[in-house]
Structure formats: structure tokens, C-alpha cells
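Notes follow the structure.
The values are calculated or read from the model by the stated rules, or taken from the named source; none is laboratory data. For clarity, every value in this text was computed on a predicted model and none was experimentally measured. No Cβ is skipped: glycine too gets one built from the backbone with ideal geometry, and neighbour counts run over all protein chains shown. For accessibility, only protein heavy atoms count, side chains too; no ligands or nucleic acids. Shrake-Rupley method; radii C 1.70, N 1.55, O 1.52, S 1.80 Å.
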Amino acid sequence: MRPENPWPMVYTRVALALLGMLVLGLLTGQWLLVFLLGALAALVWDWINLRRLERWLRLGRKLDPPKSVGFWGDIFDGLYRMRKRSRERDRRRRKLVRNYRDSIKAMPDATVVLSEDYRIEWCNQAALDLLGLRWPRDEGQRISNIVRHPDFVTFVSWHGREARTVSLPSPVDARLWLEVRLVPHAKKRYLLLARDITAFRRLETMRSDFVANVSHELRTPLTVIYGVSETLGHELGEDPEYARSVELLQEQAERMKILVDDLLLLARLETGGKPGHGDWVDVPELLSGLIEEGRLLSGARRHRITLEAEPDLMILGNEKELRSAFANLLANAINYTPDGGEVDLRWWADASGARLQVSDTGIGIEAQHIERLTERFYRVDTGRSKSRGGTGLGLAIVKHVLMRHSARLSIDSEPGRGSIFTCSFPPGILRRSGVDRHRATA
């Protein structure tokens with residue numbers, strides 16, 4: 001309920017006081033003395049109430065306000081109501097924070113609240129068990145000074161407000177494998193979440209080993225089939241009765257060979273560690289070679305392929321793996337862009353790291369498919385994908401190559417408006433000098 005406006009009563013009291021002083025002045029004939037005494041009384045009354053107010057605000061621990069009447073009584077009552085509401089809000093807020101923290105403490109996943117510069121502000125019990133933190137001793141410490149795994153140090157050195165994820169062994173027990181996620185939280189805060197994925201990783205390793213073993217075993221019979229198909233092609237290629245069958249046999253044998261090679265590469269990427277120190281890869285030169293291959297792949301479809309790159313910008317990594325990832329992105333863009341369309345490659349860097357961007361004017365991808373594009377064998381349109389000769393493993397290979405280089409893939413696409421695939425690399429694996437830019441068109 002809104003409190004009643006006190007000012008009409010204040011004006012009435014002031015008017016009555018002035019009227020009383022006027023009458024008293026008429027009766028005594030001492031106008032000046034009467035008004036001076038009235039003003040002095042008002043000042044003393046205000047001084048007494050101001051002192052009560054200051055003392056109540058400074059020393060008063062009880063909620064009840066000082067006793068007074070008139071306008072000062074209305075002020076004390078208003079402040080009392082405001083103070084009471086404030087205390088109730090604080091009580092509710094403290095209760096909410098306690099419930100929030102109790103809920104997080106009960107979570108099986110590690111939760112750490114970090115400041116803008118990644119200093120620990122709070123953590124739950126699971127963070128002590130999985131990450132080896134010690135509370136409250138580690139309060140205010142940088143998280144990278146405690147969790148010293150190289151992948152984690154690179155992970156938190158990448159400044160940016162977007163969520164990101166990394167997998168690494170637990171600092172407490174190397175047999176445990178953790179998935180660590182960094183999420184922007186509130187203003188200039190981060191939430192670091194870590195969960196135990198040991199069982200899931202074990203299953204993934206078993207699956208990868210199975211796929212790798214089966215693919216390896218398929219290589220021998222496939223090599224025989226491939227060789228026989230070539231022999232039949234030479235002997236029966238001119239025979240109209242068998243020519244089409246031999247051609248189909250060769251096409252499917254080639255398709256199986258590519259599929260097995262991709263499966264073996266993906267299995268190696270999934271089960272292998274980081275590429276080590278690696279070599280300095282001249283990315284602009286690598287991309288220039290891929291442009292020529294892209295022109296051959298486009299053929300009669302006559303796509304316009306452009307490259308814009310910083311000529312001196314290099315990556316520390318595995319050239320063969322990076323070439324495979326970039327080639328898959330370029331092939332995807334060409335395969336899913338209509339004849340005569342545009343495919344643009346851009347390679348540049350800023351303070352947050354380097355980026356390779358592959359954009360096209362192709363058919364685009366609906367939003368519900370984007371999150372699953374890097375899954376093995378996932379296809380947006382099965383019939384259309386098979387007609388273009390893809391294995392369904394290209395983007396999965398891209399994802400794992402980038403993960404091995406502490407990088408990430410982002411996809412922006414809309415149906416009918418083309419797609420943009422962006423590979424983002426951290427600054428710690430880059431080297432460059434000079435400011436010129438190189439541009440090639442194919």
C-alpha cells in the first residue's frame with residue numbers, strides 16, 4: 001500500500017504555527033521576538049530529530065525507529081518501512097544464495113567460479129576431488145597455476161567470452177579423464193565445469209579400436225577386389241555386355257578404398273595424442289595448393305574459388321593433418337555449391353588467434369542439423385550426399401584435427417544462403433612477421 005502524502009498536513013501545521021505567532025505578536029506587540037523564538041524552536045526541534053536520525057542510522061542495531069511526531073515522525077516511519085523491506089530482500093537473497101550453493105555442492109560435476117582473469121572465487125566439493133583444488137587455501141589463485149596440464153593452460157590462455165571445451169586427465173588421478181567446459185557467467189565471470197568421462201572415453205576407445213581393426217582387415221580383400229576390377233577393366237572394358245558392370249565394380253571399389261582410408265585416419269586421430277611439437281606449417285602455401293586441387297575438383301562446374309591470406313602467418317602443427325582438414329572443408333564447399341557458385345577461403349589473425357574461414361554460396365544447412373554435422377556418417381540429405389561421393393567422415397576428421405591443434409570449428413549457415421565454416425586457432429601456436437597480404441583467384 002502506498003503511504004499517505006504528508007505534505008498537506010505539514011502545510012496546515014506551518015500555517016497554524018504562523019497564525020499563532022501572528023496572534024501572539026498582536027497581543028504582545030513583540031513581532032520580531034515572537035518570530036525569532038518560533039524560528040529558534042523549529043531549529044532546535046529539527047536539530048534534535050536530525051541527531052536521532054543520524055544516531056539510529058549509525059549505531060542503531062534494532063529495527064524500530066526513534067519516536068517522534070509530525071513530519072519527522074513520517075520520515076522515521078518511511079525509513080523504517082524501507083529498512084524493513086531491505087532486510088527482507090537481503091534475507092531472501094542470502095537464502096537463495098545458500099540454496100544455490102548447496103545445490104552446486106551436491107552436484108557430482110566439479111564447479112569453479114572464476115574471475116575475469118581466471119582466479120578462483122569459489123568451488124564445490126567435486127572440484128576438490130576431480131581437480132585437486134584446496135579450499136579455501138586456493139582462493140584467489142589462478143586456475144592455471146594449480147591445473148598445469150599443457151592442454152588446460154592453452155585452453156584458459158585463449159581469451160574470449162564464448163563457451164569452449166577441452167578433455168584432459170585428472171590432476172588427482174591420471175586414470176580419470178575429464179571433460180572441462182568454460183562458460184561465461186554473469187559480468188566478467190566464468191564457470192568452469194568438469195565431469196568424469198572415463199567410462200565414456202573407454203567405450204569410445206573400444207569403438208575406435210574396433211573400427212580401426214575392421215578397416216585394417218578390410219584393406220587386404222579390398223586391394224584384391226580393386227586389382228581384379230582393374231584387370232577386368234582392361235580385358236572386358238570394350239565388351240558392351242560387361243563394360244557397365246566392370247565400371248560399377250571399379251567405382252564401388254574406389255569408394256570403399258576412400259571410406260577405409262578415412263576410417264583409419266579418423267581412428268588414428270581419435271586415439272592419438274597431440275601432434276607434439278610439430279613443424280611450422282606455411283598455411284598460405286598449403287592453401288594455394290588446395291586451391292589448384294579445388295579447381296580440378298570443380299571441373300566443368302566452373303566454381304569461382306578465391307583465397308585471401310596473410311602470407312607470413314604460420315601454424316605449429318602436423319602439416320598432413322591440417323592439409324586433410326582444410327581439403328575436406330574445401331571439398332565440402334565445392335560439392336554443395338551449385339554450378340558457377342563462389343567458394344572463398346580467408347586466412348588471417350588478430351589478438352585472439354588465427355582463423356581459416358571457408359564460405360560458399362551453396363544450398364545451406366538448416367539449424368537443427370548444424371550441431372550434428374561433425375558426427376561420423378551424419379548426413380543432412382542421404383541421397384544427395386551419396387550422389388556427391390562423400391563418405392560422411394569429412395567433418396568428423398576436421399573436428400578431430402582441430403582438437404589435436406587446440407582449435408575449434410564453428411558453423412554458420414542458412415538454407416539457400418550458403419555456409420561459413422570457421423577454424424579458430426589459439427595464439428600460442430602461431431608465428432608471423434610482416435603485414436602484406438596475398439590474394440589468389442582460381
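In the complete set of protein chains, residue-level accessible area for ASP282 is approximately 50 Å², probe 1.4 angstrom. The loop-placed trypsin sites (Lys or Arg not before Pro) in the stretch 230-313, going by DSSP, that have at most 14 neighbouring Cβ atoms within 10 Å of their Cβ come out as ARG302. Which helices pass in the chain if a helix is a full DSSP H run, must span at least 27 angstrom along its long axis by Cα, and must have mean Kyte-Doolittle hydropathy not below 1.0? Answer set is 7-28.
Give me the Kirkwood hydrodynamic radius of the stretch 282-365, using the inverse of the mean 1/r over all pairs of distinct Cα atoms, in Å to one decimal.
Across the stretch 282-365, the inverse of the average 1/r is 13.2 Å.
Based on Cα contacts under 8 Å between residues 6+ apart, the chain shows a relative contact order of 11 percent. Heavy-atom accessible area for PHE200, with the other protein chains in place and a 1.4 Å probe, reaches approximately 130 Å². The share of accessible area on the chain that comes from carbon and sulfur is 56 percent, using a 1.4 angstrom probe. Looking at the stretch 117-254, the pairs of alpha carbons with a distance over 21 Å make up 60% of the total. When +1 charges are put on Lys and Arg Cβ atoms and -1 charges on Asp and Glu Cβ atoms, the dipole computed for the chain relative to its Cα centre reaches about 3960 debye.
Compare PHE377, PHE152 by solvent-accessible area with a 1.4 Å probe and give them largest first, with all protein chains kept in place. All intermediate terms of the calculation are to be shown ahead of the outcome.
Details: PHE377 105, PHE152 5 Å².
In descending accessible area the options line up as PHE377, PHE152.
Surface calculation, 1.4 Å probe, protein heavy atoms: ILE411 sits at approximately 40 Å² accessible.
Backbone amide hydrogens, once placed in the peptide plane, bring LEU178 within less than 5 Å of LEU168, SER170, ILE197, excluding anything fewer than 5 places away on its chain.
Place a point 7 Å from Cα of ILE48 in the direction of its Cβ. Which residues in the stretch 59-101 have their backbone N less than 17 Å from it? Label zone hits: 66-76. The stretch 127-143 and the stretch 329-373 have Cα centres spaced 41 Å apart. At a Förster radius of 45 Å, what calculated FRET efficiency corresponds to the Cβ-Cβ distance of ALA367 and TYR80, to the nearest 0.05? Approximately 0.25, to the nearest 0.05. Close amide H pairs (under 5 Å, H built 1.01 Å from N) link ARG408 with SER424, residues at least 5 positions away or on another chain.
Calculated FRET efficiency, MET206 to ALA174, Cβ-Cβ distance, R0 = 22 Å: about 0.70 to the nearest 0.05. Solvent-accessible surface of protein heavy atoms, probed at 1.4 angstrom with all chains present, puts TYR11, TYR242, TYR80 in the order TYR11, TYR242, TYR80, largest first. Relative to the 2.2 N^0.38 Å rule of thumb, the stretch 44-93 has a C-alpha radius of gyration ratio of 1.21.
Non-local lysine pairs in the stretch 1-154, meaning eight or more places apart or on different chains, with alpha-carbon distances under 20 Å, amount to 4. Can you figure out the FRET efficiency of SER115 with VAL23, using R₀ = 51 Å and their beta-carbon distance, to the nearest 0.05? According to the calculation, E is roughly 0.15. Per residue, the chain exposes 61 Å² of accessible surface when a 1.4 Å probe is rolled over the protein heavy atoms with every protein chain present. Label separation (LYS320 vs VAL183): 4.0 nm, computed from points 7 Å beyond Cα along the C-beta direction.
Using only the Cα atoms, what convex hull volume per residue in Å³ does the stretch 69-187 have?
Output value, Cα hull per residue: 133 Å³.
Report which label in [x] 140, 52, 46; [y] 88, 72, 48; [z] 67, 66, 62 holds the value of Cα extents along the principal axes in Å derived from the coordinates of this structure. Only one option fits the structure, namely [x].
Residue ranking by accessible heavy-atom surface, 1.4 Å probe, largest first, among TRP72, TRP31 comes out as TRP31, TRP72. In this rough spin-label picture, where each label sits 7 Å from Cα along the Cβ direction, the ARG94-LEU33 distance is 5.8 nm. Taken one residue at a time, the phi angles of the stretch 343-359 give Karplus couplings (6.51, -1.76, 1.60, θ = phi - 60°) of 10, 10, 10, 9, 10, 8, 9, 9, 5, 8, x, 10, 9, 10, 10, 10, 10 Hz. Gly and Pro are set to x.
Looking at the chain, the DSSP beta bridges with both ends there are about 90 percent antiparallel.
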